[in-house]
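To start, the structure itself, in structure tokens.
The values are calculated or read from the model by the stated rules, or taken from the named source; none is laboratory data. Note that this is a predicted model, so its numbers are computed, not measured. Glycine also receives a Cβ, built like all others from the backbone with ideal geometry; neighbour counts cover every protein chain displayed.
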């Protein structure tokens, strides 16, 4: 597999040249005071990406909700990623799209969004799916859920060793996802993940900035 070059201002630093970073996933409600929460969460400069994952909202309404969030991410130098919907990512001019296994092909997303788009692929607990995604040109692969989660319940429970396997053999970054907190993230960081994807561990707290800072020590492991 060819080595992938990454622009550090877009999404990822060169592979494991820096500590692991957070990949924030939105809560299901992103209106109201959420833009202020997002701004606070990005202030510590620990997050590298924010994924808009909102279901059951009409596209025009979601585009209106996304606009301030996308601007906040741009102001903070954080990648703004759309979950599942590559056409919607194109409409917003998002930095990229994250695709589940049933949400389209990486090559299709690349053709639609262009060479600079950051395209991620869910790979569950499968080495085969991860290698397929890498060969198709994904910019990162996501493994999980590593722990029980209510954000997106999953029967998949990969062992952290899959992160070590991937990071040892491939240059493409990997993301660990699923029920991750400051208390249980350390084994995943030590195993070699480049990014820790979190949702409730940040948005479920009263102070989003403090919740993000709680990950600082473990990400530096």
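Quick notes on this structure:
- Those helices (runs of 4 or more DSSP H) of region 109-221 in which 3 or more residues are within 29 Å of residue 43 (Cα to Cα) occupy 186-191, 200-203, 208-213, 216-219.
- Residue in region 90-104 that is under 17 Å from residue 25 (Cα atoms), assigned to a loop (DSSP other than H, G, I, E, B), out of contact with any strand residue (DSSP E or B) (no Cβ under 8 Å at 6 or more places or on another chain) and modelled with pLDDT of 95 or more present: no
- Count of region 182-214 residues which are without any contact (Cβ under 8 Å) to a residue 24 or more places away in the chain and touching a strand residue (DSSP E or B) at 6+ places or on another chain (Cβ under 9 Å): 0
- Among residues that are within 15 Å of residue 197 (Cα to Cα) and modelled with pLDDT of 95 or more, residue 82 is included.
- Screening residue 114 against (1) surrounded by fewer than 16 Cβ atoms within 10 Å (Cβ to Cβ); (2) over 21 Å from residue 143 (Cα atoms); (3) in contact with a strand residue (DSSP E or B) (Cβ under 8 Å, 6 or more places away or on another chain) leaves a single unmet condition, (3).
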